[in-house]
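All remarks here apply to the structure that follows.
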Ligand SMILES: NC(=O)c1ccc[n+]([C@@H]2O[C@H](COP(=O)([O-])OP(=O)(O)OC[C@H]3O[C@@H](n4cnc5c(N)ncnc54)[C@H](OP(=O)(O)O)[C@@H]3O)[C@@H](O)[C@H]2O)c1
């Protein structure tokens, strides 16, 4: 495994992080048993992955907690998140703190390394500053969280409107941002500021749904043609697939997708979410391969670099 300094947190994080949410939720979304999901967490540790990302909303905190029992606490970085809505209203600072206490119990630990506001939307940002940031500051002082983070709701905010504000703010130690082949807009809107302010950067949506199968890619291309974001005459499914094909230096579409993210300037940890042990092993190999050949990266930038209105969900 390769490790990287996670911005000013000074944490040494593996370049690959295990995502315990997304469409898979460690396989819980597709009928895996808790034992099978816990085995994914342990397989990740065996592969040298020390970054584990979960959330109150995923239902995987208890599985992660059980899987990490008897693993020395200093040997992994635990990242979890607080849902921001409850009963059709935004939670209070006190509810955020109570949520952290529940997460600590589920995770069987006395602190989390990074505690995020989960899926913060642009219209919540002012409320976050007045209500949630002071609560996070208290939790930091109490030693219950080491660093504060914020994640965007990429599906609804694919242009990073919320993060464009957050990255200018001194409070956030770490952010989680959607970035992939199909929407590279964080390159201009987010990374210049995270680099300048030494903020840790976690990538979600590297593969997600649009890049996890040929059928889903084909469906996404239909959408891009309808929106006039790609020209079907020039960019048929076969043309697009050639960008990840045998001549591209990539082993597969997913291999290209993860390597493209890992080597983007400004990216620290690329999350991979799976409940499938073979996918975990294959994605681990991808993330440790060298960068894609320059011509392949250039082709992927020219194909999709102008798109900022989709997430790949
Ligand atoms: N707003 C937020 O805070 C937010 C939102 C989304 C995600 N996240 C975090 O980011 C993490 C990463 O996002 P993600 O889970 O969407 O991850 P991802 O790695 O981009 O995509 C995972 C999806 O692709 C499939 N997959 C993985 N490897 C594959 C392979 N080699 N071949 C074919 N399919 C493959 C997975 O299904 P299988 O189980 O079949 O492998 C899963 O459906 C999440 O787990 C979560 O921790 C945060």
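Values quoted throughout were computed directly from the atomic coordinates according to the rules given, and no laboratory measurement underlies them. Keep in mind it's a predicted model, so treat the numbers as computed, not measured. All Cβ positions, even for glycine, are placed from backbone atoms using ideal geometry, and neighbour counts span all protein chains on display.
Overall shape of segment 154-226 was characterised from the C-alpha gyration tensor. The equivalent ellipsoid obtained from it has semi-axes of 27, 12, 9 Å, in decreasing order. Here the residues 32, 82, ranked from fewest to most Cβ neighbours within 10 Å of their Cβ, fall in the order 32, 82. Once the Cβ-Cβ distance of residue 141 and residue 309 is raised to the sixth power relative to R0 = 41 Å, the FRET efficiency obtained is 0.50. Per-residue Cβ neighbour counts within 10 Å put 115, 225, 58 in the sequence 225, 58, 115, beginning with the fewest.
Applying Stokes-Einstein at 25 °C and 0.890 mPa s to the Kirkwood radius of the chain, computed over alpha-carbon pairs, gives a translational diffusion coefficient of 124 µm² s⁻¹.
Under a no-solvent Debye model with one identical scatterer per Cα of segment 1-97, what's log10 I(q)/I(0) at q = 0.14, 0.21 Å⁻¹? Calculated log10 I(q)/I(0) at the listed q: -0.59, -1.08. Separation of segment 165-195 and segment 55-111, taken as the distance between their Cα centroids, equals 24 angstrom. Gap in Å between the Cα centre of segment 244-261 and the Cα centre of segment 23-54? The two parts, judged by their Cα centres, are 24 Å apart. Think of it as helices only: each DSSP H run of n ≥ 4 in the chain is worth -39500 (n - 2.57), and spread over all residues that comes to -10500 deg cm²/dmol at 222 nm. If the Kirkwood radius is taken over C-alpha pairs of segment 123-199, then at 25 °C and 0.890 mPa s the Stokes-Einstein diffusion coefficient equals 186 µm²/s.
Ranked for footprinting exposure by Cβ neighbours inside 10 Å, fewest first, 307, 203 give 307, 203.
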